[in-house]
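A short reminder: the numbers here are calculations on the coordinates, not readings from a lab. All of these numbers come straight from a predicted model, not from anything done at the bench. Quick reminder, even Gly has a Cβ in these numbers, built from the backbone with ideal geometry, and neighbours come from all protein chains shown.
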Amino acid sequence: MAEEKKRKTSIPEFVNQVRAETGKVVWPTREETIRTAIFVFIFMVILALFFLGLDSLFRAVVNFLLALI
């Protein structure tokens, strides 16, 4: 059997569905948002320092190897 054709949703019906689904979303509180932003910033600084150290190490190794030539 052929698949049943899905009926097209009208624009007003679509807007109503979007509003209904948006109403189900649990939005974070201001405190949760600030906490998360601070955590992301701290993690970003830690990763930046890690990659700075890793890059410096690789640069030192390459400079050492080039000095041998």
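Modelling each spin label as a point 7 Å along the Cα-to-Cβ direction, I'd like the I46/I11 distance in nm, to one decimal.
Each label point lies 7 Å from its Cα, and together they span 5.0 nm.
Out of F43, L57, T29, whose Cα points farthest toward the positive end of the dipole of the chain (charges: +1 Lys, Arg; -1 Asp, Glu; placed on Cβ)?
It is T29, whose Cα lies furthest towards the positive end.
Kirkwood hydrodynamic radius for the chain: how many Å is it when counted over pairs of different Cα atoms?
That comes to 18.2 Å for the chain.
Run the simple label-point estimate for A37 and S56 please: 7 Å along Cα→C-beta, distance reported in nm.
Going from the A37 label point to the S56 one covers 3.1 nm.
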